[in-house]
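One structure below.
The values are calculated or read from the model by the stated rules, or taken from the named source; none is laboratory data. Everything numeric in this text was worked out from a predicted model, so none of it was measured. Glycine gets a Cβ as well: all are built from the backbone with ideal geometry, and neighbour counts include every protein chain shown.
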Amino acid sequence: MRTHRKQTLCMALLGAVMLGGCTTGKLPKYDARPDNRPPGQMTRAGSPYYNIENEHTFPVFKDPYTVAMPRGRVLFGGNLYELYRAKEATYVTATYGCPADWWFYHFNSETAIIDNKTGDRYMLREVEYYPTDTCFWINGSKGKNIRFVMVFPPLPKKVKTVDFFIPSSPSRHNFDGSAKRERGLSVKGLRPESALPAGQVFL
């Protein structure tokens, strides 16, 4: 009985260490990367003669990753963003509503997270499973919340406040490609909150 109680205590303490302070209301040092998966199908590849004015040259995807209850901070005109500070990379989820059965999206490859204090730029590495610098269609997801995952270099722990910067892109009649910047964003405020309630642990 004594040995069993000792083992239980050790396991509880190990769990508290692995959580990195979640149970005391603090965010852990690192976040687990956000869930994601590839779209179920690409029904049309992008044309080698891509032209932003010709929607028939855009690639088409079906069955993207969607979330029932989107989370994050509202940025860039109503979309939800959340930052995951993982050890190997910084992941930013961008969740967009899909208002129609055919709706296109666009990600600029020069998008950056900027250290608000030093001006250091952490450049976009990829948007998982989707192209950059071209518009692409999502088909068949009307009314759903589509979540894209952007990958950036790891943010040093000293970076506390950042800007999100999207440089200008070519525009078309229903897409404004002008540059956009959200300033003075708290890294802590952008990170996902712990699912565990704050408080002390009693054994």
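When the range 155-176 is examined, which residues are found to be assigned to a strand (DSSP E or B) and of a type in the set (A, V, I, L, M)?
Hits for the range 155-176 are VAL162, ILE166.
Identify all residues within the range 56-68 that are outside any strand (DSSP E or B) and either touching a helix residue (DSSP H, G or I) at 6+ places or on another chain (Cβ under 8 Å) or closer than 17 Å to GLY140 by Cα (or both); write none if there are none. Steps first, answer last, please.
Taking the range 56-68 and keeping what is outside any strand (DSSP E or B), we get 56-59, 63-65, 67-68.
Passing the criteria: HIS56, PHE58, PRO59, ASP63, PRO64, TYR65, VAL67, ALA68.
Out of all the residues in the range 85-110, which are in a strand (DSSP E or B) and either outside the structural domain of ARG37 (by TED's automatic domain parsing) or of a type in the set (S, T, N, Q) (or both)?
Restricting attention to the range 85-110, the residues satisfying the condition of being in a strand (DSSP E or B) are 85, 90-97, 102-105.
Hits for the range 85-110 are THR90, THR93, THR95.
This table checks each residue for (1) among the charged types (D, E, K, R); (2) surrounded by fewer than 18 Cβ atoms within 10 Å (Cβ to Cβ); (3) more than 26 Å from LYS29 (Cβ to Cβ); (4) free of Cβ contacts under 8 Å to residues at least 60 places away in the same chain.
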position: VAL92; (1), (2), (3), (4): no, no, no, no
position: ILE114; (1), (2), (3), (4): no, no, no, yes
position: VAL159; (1), (2), (3), (4): no, no, no, yes
position: ARG181; (1), (2), (3), (4): yes, yes, yes, yes
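Taking the condition hydrophobic (A, V, I, L, M, F, W, C), at negative phi and more than 14 Å from the chain's Cα centre (by Cα), does ILE113 pass?
In short, no.
Looking at the range 87-144 only, could you name the residues that are polar (S, T, N, Q) and under 21 Å from MET69 (Cβ atoms)?
Listed by number, the residues that qualify are THR93, THR95, SER141.
What residue, of GLU88, GLU110, GLU128, is more than 21 Å from SER169 (Cβ to Cβ) and acidic (Asp, Glu)?
Only one candidate qualifies: GLU88.
Among GLU82, GLU53, which is the only one that is outside any helix (DSSP H, G or I), closer than 27 Å to VAL162 by Cα, at pLDDT 95 or above and among the acidic types (Asp, Glu)?
Only one candidate passes the filter, namely GLU82.
I'd like to know if the range 189-198 contains one or more residues that are surrounded by 15 or more Cβ atoms within 10 Å (Cβ to Cβ), closer than 23 Å to THR57 by Cα and touching a residue at least 60 places away in the same chain (Cβ under 8 Å).
no
I need the full set of residues from the range 111-154 which are polar (S, T, N, Q) and part of a strand (DSSP E or B), in order please. Let's see the steps before the verdict.
From the range 111-154, those polar (S, T, N, Q) are 111, 116, 118, 132, 134, 139, 141, 145; that's our starting set.
Within the range 111-154, ASN139, ASN145 qualify.
Look through the range 137-164, keep the residues that are among the aromatic types (Phe, Trp, Tyr) and within 14 Å of the chain's Cα centre (by Cα), and return whichever of them is farthest from ASP35 (Cα to Cα).
Within the range 137-164, the subset among the aromatic types (Phe, Trp, Tyr) is 137, 148, 152, 164.
Checking the rest, the ones that are also within 14 Å of the chain's Cα centre (by Cα) come to 148, 152, 164.
Numbers: PHE148: 10, PHE152: 16, PHE164: 22 Å.
Only one residue tops the list, namely PHE164.
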